[in-house]
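Here the structure is laid out as structure tokens; the discussion comes afterwards.
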Amino acid sequence: MLEQIICSGFGGQGVMLMGKLIALAALRENKQVLYLPSYGAEVRGGTAHCMIKISDKEIASPYITHPDTCFAMNQLALNKFGSRIKNNGLLIINSSLAKVNTKGKKAKILSLPLTKIAFSLGNVKVANTVALGAYIAKKKIIKPESMVYAMRALAGKTKKHLLKINEQALKKGMRHGKG
């Protein structure tokens, strides 16, 4: 088993956090994991992204050319990474901020209004967690309880107050991912 993931969006959307959560949840399940964040132009409005590989065997390189799964949290991210998805890969798109032309796409496209869903929960910053829930439901590579463990571990004492809404966002995303 080898799952290659790219999480992409603009700075402030929690893209790096998504990658860390996926990596920690997979580690919790004793899987091999590599995480490669990419910082740079996102502070000037560019696209931030990270790459995560999950495997049951040793992983040689963290770089991903053609992901099995790609999260595109905005239009710039979709434009930059959407075409790199493998045939039959999963492309999760935040349709609140990106529109996809499905012509010629050989990927399974899950287009959800992630920002709108997060807003309905009371905090637009949990759009990334909604996306993670949809991913968990679709791919079944990481168990929901492992993701909750990762959220609690990374929240620490300073972000503990955000756990409840993030758990709600994860469950909401899972419902959308199953549908």
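The values are calculated or read from the model by the stated rules, or taken from the named source; none is laboratory data. Owing to the predicted nature of the structure, the values given are computational and were not obtained by experimental measurement. Cβ atoms come from the backbone with ideal geometry, glycine included; neighbour counts cover every protein chain shown.
A few comments on the model shown:
- Taken as a whole, the condition of being in contact with a Ser or Thr (Cβ under 7 Å, 6 or more places away or on another chain) and farther than 22 Å from Ser55 by Cα does not apply to Gly156.
- Only listed residue being within 30 Å of Asp56 (Cα to Cα), free of Cβ contacts under 8 Å to residues at least 24 places away in the same chain and surrounded by fewer than 20 Cβ atoms within 10 Å (Cβ to Cβ), chosen from Ser120, Ser111: Ser111
- The range 4-62, residues that are of a type in the set (Phe, Trp, Tyr), modelled with pLDDT under 95 and either surrounded by 19 or more Cβ atoms within 10 Å (Cβ to Cβ) or closer than 15 Å to Ser146 by Cα (or both): Phe10
- Ile165 among the β-branched types (Val, Ile, Thr) and either surrounded by 20 or more Cβ atoms within 10 Å (Cβ to Cβ) or closer than 14 Å to Ala26 by Cβ (or both): no
- Of the residues contained in the range 140-148, one or more are found to be surrounded by fewer than 22 Cβ atoms within 10 Å (Cβ to Cβ), within 19 Å of Gly19 (Cβ to Cβ), in contact (Cβ under 8 Å) with a residue 40 or more places away in the chain and touching a strand residue (DSSP E or B) at 6+ places or on another chain (Cβ under 6 Å).
Conditions (1) hydrophobic (A, V, I, L, M, F, W, C); (2) farther than 23 Å from Lys140 by Cβ, marked per residue:
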residue: Cys7; (1), (2): yes, no
residue: Phe10; (1), (2): yes, yes
residue: Leu24; (1), (2): yes, no
residue: Tyr35; (1), (2): no, no
residue: Cys50; (1), (2): yes, no
residue: Asp56; (1), (2): no, no
residue: Tyr63; (1), (2): no, yes
residue: Phe71; (1), (2): yes, no
